[in-house]
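Please treat every number below as a calculation from the coordinates, not as lab data. Just so you know, these numbers come straight off a predicted model, no measurement behind them. Don't worry about glycine lacking a Cβ; one is built from the backbone with ideal geometry, like all the others, and counts go over all protein chains shown.
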Amino acid sequence: MDLFEYEGKQLMRQFEIPVPESCLITDSEATPPMPYPFVLKAQVMTGGRGKAGGVKVCADEREFDIHKKNILNMEIKNHRVHGLLAEQMVKAKRELYLSITLQGVSKPTLIASRMGGMDIEQISRETPDEIVKMEIDPFTGLKGYQKKYLAKRLEIEDKQDFYQFIGKVERAFFDTGAKLVEINPLGVVDGRLMAMDSKFSLDDHVKKMQGTVEQLEKDREKLYRYQAPEKEMTTITYVPLDGDIGLISDGAGTGMLTLDLLNDEGLHVASFCELGGMTTEEVMYRAMDLTLTGHPQIKGVLIVLIGGFNRMDNMALGITKYVKEHQVKIPIYTRMCGTMEEVGLKTMEAAGMSTYNVLTETVKDLAKTVKEG
């Protein structure tokens with residue numbers, strides 16, 4: 001479950017992570033919630049809201065009325081705005097970037113940069129040396145030497161405040177079973193660190209968070225023109241990332257191994273789709289749809305299947321049906337072995353699609369095709 005900024009900051013307050021004073025607005029007739037000046041920030045499930053006009057400073061009542069109505073009726077990158085976060089204006093001496101993620105990595109990983117306020121992918125492309133990555137042991141957390149190194153790379157002056165702040169973010173990540181906690185920018189305000197923005201992604205399957213997720217969903221009923229997204233009725237877990245290779249795997253373990261192999265070949269994953277549980281032709285078709293629909297940047301798809309309970313003939317039918325109906329032109333490489341493998345391979349062959357038995361060979365051939373393509 002991806003959270004709106006206001007929801008992420010609610011969770012951060014529970015872990016005593018400093019955030020600006022704020023108030024949610026869900027009504028176009030709302031009155032000013034705090035003294036001027038303050039900032040109005042569109043609550044929307046996409047980035048780029050600042051450039052789209054979804055973040056405005058209100059200096060008086062006239063500006064508040066104009067910006068409130070304009071932003072509430074916006075669509076940003078085809079996403080409707082469902083509320084406004086009225087937030088205290090704070091002046092940051094510096095802006096940093098900080099996140100802890102399990103998306104696209106095999107272990108919890110902290111990512112940080114002294115260049116906050118920018119898109120992390122842009123920093124990675126233009127100034128990769130400015131990014132610090134550290135794996136976190138989930139049992140012990142960051143080690144002392146890791147924190148010291150991080151403070152040095154980020155040019156932190158108040159190291160004690162920094163260590164305490166990092167500890168709170170770690171607890172927020174692990175105690176909620178999050179997939180991602182991102183703070184960008186992380187501001188240095190009056191010498192202390194403050195989360196000026198929030199991006200939170202929760203794992204819906206973490207049992208201890210079920211009550212929190214249900215309450216968040218219930219509270220969203222008060223949002224402006226909000227309609228809850230349809231629940232995914234399959235066992236699929238879909239994680240969007242930022243590369244150009246779609247990855248579909250029938251299990252998390254194999255998927256993590258494949259991610260490492262793709263990284264070794266210099267490829268970056270656009271999404272990771274785990275089928276999970278007993279998988280049918282329809283589930284495979286749905287996984288293809290999630291991976292490819294609306295993602296024009298994808299240059300190739302890697303499908304990794306090992307048939308135990310799942311039948312490879314069904315998997316092949318789901319793949320070939322989707323490719324035929326949607327006239328998919330990008331290369332699709334499939335590692336397929338196990339139950340009903342012979343029938344599945346014949347179905348794939350008849351559709352002119354490449355299949356393999358060895359995973360490393362599959363990855364290398366896909367990498368060669370994509371790089372030459």
- Note on the structure: Note: residue 69 to residue 103 extended length (0.36 nm per residue) minus current alpha-carbon separation gives 8.7 nm
- Paramagnetic reach from residue 78 (point 7 Å along Cα→Cβ, amide N under 15 Å) across region 42-56: 45-47
- Message: I need the trypsin sites (Lys or Arg not before Pro) found in region 41-70, filtered to DSSP loop residues with at most 14 other beta carbons within 10 Å of theirs.
- Response: 51
- Item | For region 20-113, projected area of the alpha-carbon convex hull averaged over all directions, nm² | 7.5
- Item | trypsin sites (Lys or Arg not before Pro) restricted to DSSP loop in region 297-354 with at most 14 other C-beta within 10 Å | 329
- Message: So if each residue of separation counts as 0.36 nm, and I subtract the Cα-Cα distance between residue 93 and residue 360, what length gain in nm does that give?
- Response: 91.3 nm
- Longest DSSP-loop-exposure-free segment, chymotrypsin sites (Phe, Trp or Tyr not before Pro), the chain, at most 13 other Cβ within 10 Å: 140-308
- Task: Please list the non-local residues whose amide H lies under 5 Å from the amide H of residue 270, H modeled 1.01 Å from N, same-chain partners needing a gap of 5 or more.
- Result: 243, 244, 245, 246, 247
- Rg/Rh (Cα only; Kirkwood hydrodynamic radius) as it applies to region 284-343: 0.98
- Item | Three-way shape label, region 2-41, alpha-carbon gyration tensor, a/c 1.5 | oblate
- Item | For region 133-192: span of alpha carbons on each principal axis (Å, largest first) | 31, 23, 18
- Item | Loop GluC sites (Glu not before Pro), region 154-183 (other Cβ atoms within 10 Å of the site Cβ: 13 or fewer; DSSP) | 155, 157
- What is the Rg over Rh value, at two decimals, for the chain, using alpha-carbon atoms and the Kirkwood definition of Rh? 1.01
- Partners for residue 56 among aspartates and glutamates (Cα-Cα distance below 12 Å; same-chain residues under 8 apart left out): 65, 87
